[in-house]
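Visitor: Can you read through this structure? Questions will come right after.
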Amino acid sequence: MDSLIDGMQLSIDEKEVLKVKMQIWQRVVGEIHASGASQREAANLLSVSQPRICNLMNGKLDLFSADTLIGFLARCGRRVVVITSQIESEDTP
């Protein structure tokens, strides 16, 4: 996925935020699938509407902030741990 994002016409900070959101999104969706919850049950667990869950499951990341996705993970009983590394790109200042 990183190579796909790296090819997009986004600023370096936009690319990095999108990468983080995608990683968190994958975990949230994985937790929902692992639990066997229906979209209605997932909506109750995450305290959102069923249409929001539909958007989440369909990968509409532009509709969710990183904060919201982190909150979803917390409601699934997961903690987010941040690990940083040097960006290997000629785009860095």
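The values are calculated or read from the model by the stated rules, or taken from the named source; none is laboratory data. These figures come from a predicted structure and were not determined experimentally. Cβ atoms come from the backbone with ideal geometry, glycine included; neighbour counts cover every protein chain shown. Heads up: the accessible areas ignore ligands, DNA and RNA and are worked out on the full protein's heavy atoms, side chains in. Shrake-Rupley method; radii C 1.70, N 1.55, O 1.52, S 1.80 Å.
Visitor: How much net charge surrounds S35 when only the other residues with a Cβ under 14 Å from the Cβ of S35 are counted, with Lys and Arg +1 and Asp and Glu -1?
Guide: +2
Visitor: Ignoring ligands and nucleic acids, what accessible area does S85 show with a 1.4 Å probe (Å², nearest 10)?
Guide: The accessible area comes out at roughly 100 Å².
Visitor: Also: Give me the dipole magnitude in Debye, nearest 20, for the chain about the Cα centre, with unit charges on the beta carbon: positive for Lys and Arg, negative for Asp and Glu. Could you put the intermediate results ahead of the total?
Guide: Values: 10 positive and 12 negative charges, 144 e Å.
The dipole of the chain has a size of about 680 debye.
Visitor: Springs between alpha-carbon atoms under 10 Å, Gaussian network over the chain: tell me which of I70, I12, I53 tops the mean-square fluctuations.
Guide: Comparing I70, I12, I53 in the GNM, the peak value goes to I12.
Visitor: Of the accessible area of segment 11-65, with the probe set at 1.4 angstrom, what percent is carbon plus sulfur?
Guide: On the way: 1650 of 3180 Å².
Ligands and nucleic acids excluded, carbon and sulfur give 52 percent.
Visitor: Keeping all protein chains in place, calculate the accessible area per residue for the chain (probe 1.4 angstrom), answer in Å².
Guide: On a per-residue basis, 70 Å².
Visitor: Just to be sure I understand: with springs between alpha-carbon atoms less than 10 Å apart, which residue in V82, V17, V48 has the highest mean-square fluctuation in the Gaussian network model of the chain?
Guide: V82
Visitor: State the extension gain, in nm to one decimal, for the chain segment bounded by I87 and A74, taking 0.36 nm per residue of separation less the distance between their alpha-carbons.
Guide: Working: separation 13, 0.36 × 13 = 4.68 nm, distance 2.77 nm.
Fully extending the segment from I87 to A74 adds 1.9 nm.
Visitor: Can you give the angle from 0 to 90° between the axis of helix 12-35 and the longest principal axis of the chain, with both taken from C-alpha atoms, to the nearest 10?
Guide: Long axis of 12-35 versus the principal axis of the chain: about 30 degrees.
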